[in-house]
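One structure is given here, and the rest of the page talks about it.
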Amino acid sequence: MRYEMVAGFETHVELATNTKIFCSCTTQFGGEPNTHCCPICIGLPGTLPKLNKRVVEYAVKAGLATNCEIAEISKMDRKNYCYPDLPKAYQISQYDMPLCKNGYIELSNGRKIRITRIHIEEDAGKLVHSRGNTLVDYNRGGVPLIEIVSEPDIRTVEEAREYVEKLQLIMRYIGVSDCKMQEGSMRCDVNISIRPVGSEELGTRTEIKNMNSINFITKAMEYEFNRQVDVIESGESVVQETLRYDDVSNTTSSMRGKEDANDYRYFRDPDLVTINVSREKVAELKAELPELPFEKQKRYVEEFGLPESDAQLLTKYRKIAEYYEKSIEGTKNPKTAANFIIGQIFRYVDNESEKESFNINVSSESLNELIKLIDSGKIRMNLAKSTLDKMLETGKKLNELISESDMAGLDENAVKELCRQAVESNPNAVNDYKNGKQKAIKSLVGYVMKNSRGKADPMLAERIIGEIIKNS
Amino acid sequence: MVSKEEIMKIAILSKLFVSEEEIDSLTEDMDKIIAFADTINNATDAGTDFDNINNLSDVLRDDVEVPSYDREKILANAKDSADGCFLVKNIMK
Amino acid sequence: MSEGKIAKLHGMLEAKEISCKELAQTYIDASERDNEKLNAYVTMTPEIALNTAEAVDKKIANGEKIGLLEGIPMTLKDNISTDGIKTTCCSKILEDYVPVYDATVWTILKKQNAVLIGKTNMDEFAMGSSCETSVFGGAKNPHNINCVAGGSSGGAASAVGGNIAVYGLGSDTGGSIRQPAGFCGIVGLKPTYGAVSRYGLIAYASSLDQIGPITSSVEDAAAVFDAISEYDEKDSTSQGRKGEPVCGTLKNDIKGMKIGIAHEYLDGVREDVKQSIEKAADVYKSLGAEIVYFDLPALKYALPVYYILACAEASSNLGRYDGIRYGYKAENYRDVNDMIKKTRSRGFGDEVKKRILLGTYVLSAGYYDAYYKKAQNLRGTIVNAFKNAFNICDVILAPTVPMTAFENGRAVSDPVETYLTDICTVPVNIAGLPGISLPCGYDSNGMPIGMQLIGNTFDEAKILNAAWQYENAANVFRPSDFGVKL
């Protein structure tokens, strides 16, 4: 029998606010242990939480960017469980009134992955175990999180990968999180079950906790899918449990259940008051949202006639897209700028974060100038290319690299002179041409171009050479 | 009527030990208290939704950083600490 | 004319009849002498008191104007956080805890050079009505040290009643300011929820807790309330005092004021207590006020609602005491979880454990709707019932406690019976209203009887006005044999 995967995601995303969700400590990653702490975020007796306005705004933006409804009335609840990384023995979260619900993300295959809800909550501290000792660092404690919960709509690891990548892309684009999985600012729990293809029922699901790499996620899901198939095939049944993925052995293993079956005893946090997001506020935040990457991609293909692949490369990072759009302002050929950026400029940005920030020593303005020179026929493509390379290497300005005379081009007489030289000094090529080798003329044109340092008009040169040979 | 088992279950959730000696008298007390609490279920009045006492909403903080505390102060009350962290020693070595 | 002790001492300081240091020393000496009998203080802070006093003397010497509370000897309940001063909640689990920040009320009073004599005794985590669940043993009643001072702010009431402090700040979750004030024959004000910042008050039940003054006169209560009822941005539920300082209207006449008496408040109340409430009503008539009787049936659910909500919140608020960041930590354990359980089992007293367990129970799966949710809805009912009551009267007159101070160690063995002592005080906390307790007579053993005036939200001015008029007309206050004689 053939089985299909049924998977849903719970994704935790750390919000890129300056301060923690309930106190004014920094949210900066890392730092010496317990140096980003105050009485509030280590839960000293008597301290009280005060909700960070920007956390609400970012969560609403995340909701809007994933097609969610934004709740007008919302509240904070306490999720009670005792663990050393949780200083108050409860996590302030949202239970039955999340800020955002009923959204979706559309995949390239047209399938919509439904978003059940997005709620805000506080992150926990970090435990380090060494030789049985437990060390606790609360720097991360109280960093704002949104939890994005999807419906079990994912059917393949490819869809899973695209879902996570899209989430990452959106959150970065709208500027609510850097989504650095390696730094834990984006973490995924995946619940996964299997069922015979065509069946509508849901099988018993297992949950793989806390994965912080897209490759691990897909590997873990593949492994878990096959494991469940084996279990079913061997006539046994899948046990509902929480699993940990081990990337070294590439296996999942059961997390030994805490002694107490979880009963979180949710109740409204009496230290915090109702959250009321007015429709005006929602409209305001919606207006602040940038054009999303997929919308841009579509527009680049339709408006600029770029191939899908180019459009994707140019929209993946917000800064690059902005750079591109500036560089083509008032130019005739958006494709040229795309080729320059992808073909040449990308050689100067290697890793993700460099693309994220996209600081290169050719401003979008000077690239724009360069392209306008091409449009106006003042310089030829190959000169433009080499100039761009020089600019990228030296950081020199356009006008420092090409002079007026370079841009002047050659008048017809100068071209005729060069053509005569070309014919004289290449008898073989001339003979080949006479004997019907059309291609031979190219090498003669090449001679002209070389000796005019690219300034001659190759079409003109070819015409003249043709005439010279005919008349000889 | 609350059972010993239920008391044990909530004791675990409360991170409290209940010794064999305590369990009976505690169960008895808890039973009285819970029976007393139960009297609210005689209320014919279904009640009224209760939000927060003064119906406040949108009390929010601006996202402006304030320097954190010195670590010495953060750790000042910890019984054990090491490497700038709160420490729970492994005493089973 | 009923005069406040604070105004009197303030006058003496300004007139240089006594130096602030002398005044502080007098109270420190009396405290050190009488605390052995009263057990009102769990920590004394003479150095701090004298340093502040010196600063005040300098100001006076320089001819600077001093504020009403400057240089006045006072106390803080031991659940109010004080930077650098032990704050234990009278629990083993916080036996050596020294806060690294100040509660907002203490920040305010420090600025006004309040002279802190010490931190006062209380029931462990404010859970109790006799002060006897304190790990340090109960505070004693200055009118008879064989009797309890009441609770949970027993130490504060004992210190003020015993005149070893001029005023104290307590906290009131279900009567913890008003009940001991009533037992000790003094004045206790529980402000409207949100009128005084809770920041730095170690939480028992966050939606019910409120800090307020315990004083020997209504005027003093008004003065302290005016000083501490400030909006605090650190407390999301804080609103501060609404309207003008209450001192301004304290002595207005109350002709035509409608004083309401709800029958339910007198059910099961001891006869002599009931009589003194009726006498108080007569005093009000003689002052030109109108007495209106009415029913408040919602009250019969107040007590169970209170215990369900208070314990639910407490079970969550007290989860943080795990030995890792502060406070007591068990010595021998197998692993982290075992350490946490041993710490809590050994660190908390029986009453606290009982309330944590009840709170966990009413919130746990399968019981939430029947207990917590239902109680929350009935809270809404009680809130509305009071709203309606204040359409027919300005303030409500009621007993503070159905009885007078009982003997030490007699806190009834039956837990539920013990809870019944709070029956007249908890409704105010459930509805977030202001309530004041003041002496209105004495029983056959000379133990004080307290009466309570309850106002609509943020109507402190009204109940203090009514309280002052009664105090001034009835003049029942009797000083104890303890403390400073000035």
Requested in this report: Run a plain Debye calculation on chain A (Cα atoms as equal point scatterers, no solvent) and give log10 I(q)/I(0) at q = 0.06, 0.10, 0.12, 0.14 Å⁻¹, rounded to two decimals, same order as the q list.
Outcome: -0.43, -0.86, -1.09, -1.35
Report task. Express the C-alpha Rg of chain C as a ratio against the empirical globular expectation 2.2 N^0.38 Å, rounded to two decimals. Result -> 0.92
Query raised in the report: Given H placed 1.01 Å from N in the peptide plane, which residues other than close sequence neighbours of A:SER185 have an amide H under 5 Å from its amide H?
Result: A:LYS180
Query - Cα-Cα over 19 Å, subset of A:LYS166/A:LYS296; C:LYS16/C:LYS111; C:LYS86/C:LYS110; A:LYS88/C:LYS119; A:LYS53/A:LYS75; B:LYS79/C:LYS77 - result: C:LYS16/C:LYS111; A:LYS88/C:LYS119; B:LYS79/C:LYS77
Query raised in the report: For the pair C:LEU486 and C:LYS255, what calculated FRET efficiency results from E = 1/(1 + (r/R0)^6), where r is the Cβ-Cβ distance and R0 = 45 Å, to the nearest 0.05?
Result: 0.80
Query raised in the report: What is the packing order of peptides C:421-433, A:140-152, taking the mean over residues of other C-beta atoms within 10 Å and listing the highest first?
Result: C:421-433, A:140-152
Query raised in the report: Between Rg and the Kirkwood Rh of region A:291-408, both from Cα atoms, what is the Rg to Rh ratio?
Result: 0.97
Requested in this report: Please list the non-local residues whose amide H lies under 5 Å from the amide H of A:THR251, H modeled 1.01 Å from N, same-chain partners needing a gap of 5 or more.
Outcome: A:ASP246
Query raised in the report: For region A:3-285, what size does the Cα cloud have along each of its three principal axes, sorted from largest down, in whole Å?
Result: 56, 53, 32
Query raised in the report: Which number comes out as Rg/Rh for region C:78-130 once both Rg and the Kirkwood Rh are worked out on C-alpha atoms?
Result: 0.99
Query raised in the report: Once every DSSP H run of n ≥ 4 in chain C is given -39500 (n - 2.57) and the sum is divided by its residues, what mean residue ellipticity at 222 nm do you get, rounded to the nearest 500 deg cm²/dmol?
Result: -11500 deg cm²/dmol
Query raised in the report: Remind me, relative contact order of region A:118-268 in percent, using alpha carbon pairs under 8 angstrom and six or more residues apart?
Result: 15 percent
Requested in this report: Work out, step by step, the length gained on full extension between A:LYS319 and A:GLU200: first 0.36 nm times the residue separation, then minus their alpha carbon distance; give nm to one decimal.
Outcome: 38.5 nm
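Out of the DSSP beta bridges found with both residues in chain C, what percent are antiparallel (nearest 5)?
65 percent
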Query - Qualifying lysines (Cα of each under 16 Å from Cα of A:LYS219; at least 8 residues distant if same chain) - result: A:LYS209
Requested in this report: May I ask for the distance between the Cα centers of region C:345-411 and region A:278-356, given as a whole number of Å?
Outcome: 61 Å
**Report entry** 10 Å Cβ neighbours from other chains, averaged over peptide A:135-143
**Finding:** 3
**Report entry** Estimated distance in nm for a label pair at A:SER425 and A:ASN210, the labels positioned 7 Å out from Cα along Cα-to-Cβ
**Finding:** 7.3 nm
Requested in this report: Whole Å is fine, so just give me how far the alpha carbon centre of region A:76-150 lies from that of region C:141-209.
Outcome: 40 Å
**Report entry** Relative contact order %, chain C, counting alpha carbon pairs below 8 Å whose residues are six or more apart
**Finding:** 18 percent
Query raised in the report: Taking every residue in B:17-30, how many Cβ atoms of other protein chains lie within 10 Å of its Cβ, on average?
Result: 2
Requested in this report: Tell me which residues come under 5 Å, amide H to amide H, from C:VAL42 once H is placed; ignore anything under 5 positions away on its chain.
Outcome: C:LYS119, C:THR120, C:ASN121
Query raised in the report: Can you list the chymotrypsin sites (Phe, Trp or Tyr not before Pro) in region C:328-375 that are in a DSSP coil and have 15 or fewer other beta carbons within 10 angstrom?
Result: none
**Report entry** Cα centroid of region C:216-278 to Cα centroid of region B:44-93, whole Å
**Finding:** 33 Å
Requested in this report: First obtain the Kirkwood hydrodynamic radius of the protein assembly as shown from its Cα pairs, then insert it into the Stokes-Einstein equation at 25 °C and 0.890 mPa s, and state the resulting D in µm² per second as a whole number.
Outcome: 74 µm²/s
Report task. Return A:SER376, C:SER153, C:SER130 ranked ascending by Cβ neighbour count within 10 Å, so the fewest neighbours appear first. Result -> A:SER376, C:SER130, C:SER153
Report summary line: Sequence order, region A:443-460: Karplus ³J(HN,Hα) from phi using 6.51 cos²θ - 1.76 cosθ + 1.60, θ = phi - 60°, Hz rounded, Gly and Pro as x, gives 5, 5, 4, x, 4, 5, 4, 4, 6, 9, 6, x, 8, 6, 8, x, 4, 4
Query raised in the report: What's the exposure ranking of A:HIS12, A:HIS119, A:HIS129, going from fewest to most Cβ atoms within 10 Å?
Result: A:HIS129, A:HIS12, A:HIS119
Query raised in the report: Hey, got the average number of other protein chain Cβ atoms within 10 angstrom for residues in C:365-375?
Result: 4
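Taking neighbour counts of Cβ atoms within 10 Å as a proxy for exposure, in what order, fewest first, do A:THR252, A:THR116, C:THR88 appear?
Lowest count first: A:THR116, A:THR252, C:THR88.
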Report task. Set the Förster radius R0 to 35 Å, insert the Cβ-Cβ distance between A:GLU354 and A:SER130 as r into 1/(1 + (r/R0)^6), and round the FRET efficiency to 0.05. Result -> 0.50
Report summary line: For region C:298-377, listing GluC sites (Glu not before Pro) in a DSSP loop whose Cβ sees at most 12 other Cβ atoms within 10 Å gives C:GLU331
Requested in this report: Please go through region C:232-284 and write out the GluC sites (Glu not before Pro) that DSSP classes as loop and that have at most 16 other C-beta atoms within 10 Å.
Outcome: C:GLU233
Report task. Go ahead and estimate [θ] at 222 nm for chain A from helices alone: -39,500 (n - 2.57) per DSSP H run with n ≥ 4, summed, over the residue count, rounded to 500. Result -> -12000 deg cm²/dmol
Query raised in the report: Taking θ as phi - 60°, what are the ³J(HN,Hα) couplings along region A:461-469 by the Karplus curve (6.51, -1.76, 1.60), each to the nearest whole Hz, with x for Gly and Pro?
Result: 4, 4, 4, 4, 4, x, 4, 3, 5
Query raised in the report: Any idea how far apart C:LYS8 and C:ASP335 come out in nm if each label point goes 7 Å out from Cα toward Cβ?
Result: 6.4 nm
Query raised in the report: Relative contact order for chain A: what is it in percent, counting Cα pairs under 8 Å that are at least 6 residues apart?
Result: 14 percent
Query raised in the report: Nearest 0.05, what FRET efficiency do C:ASP29 and C:ASP96 give at R0 = 30 Å with Cβ-Cβ as r?
Result: 0.65
Query raised in the report: Extension gain C:ALA365-C:SER444, at 0.36 nm per residue separation less the Cα-Cα distance, in nm?
Result: 23.4 nm
**Report entry** Peptides ranked, highest mean first, by Cβ atoms within 10 Å: ranges C:394-405, A:296-307
**Finding:** C:394-405, A:296-307
Query raised in the report: In whole Hz, what ³J(HN,Hα) sequence does region C:128-139 give by Karplus (6.51, -1.76, 1.60; θ = phi - 60°), x for Gly and Pro?
Result: x, 10, 9, 6, 7, 7, 5, 5, 9, x, x, 6
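Each reported figure results from applying straightforward, stated rules to the coordinates on display, with no laboratory input. Everything quoted here is computed from the prediction, not taken from an experiment. A quick note on method: Cβ atoms are made from the backbone with ideal geometry, for glycine too, and the neighbour counts reach across all protein chains shown.
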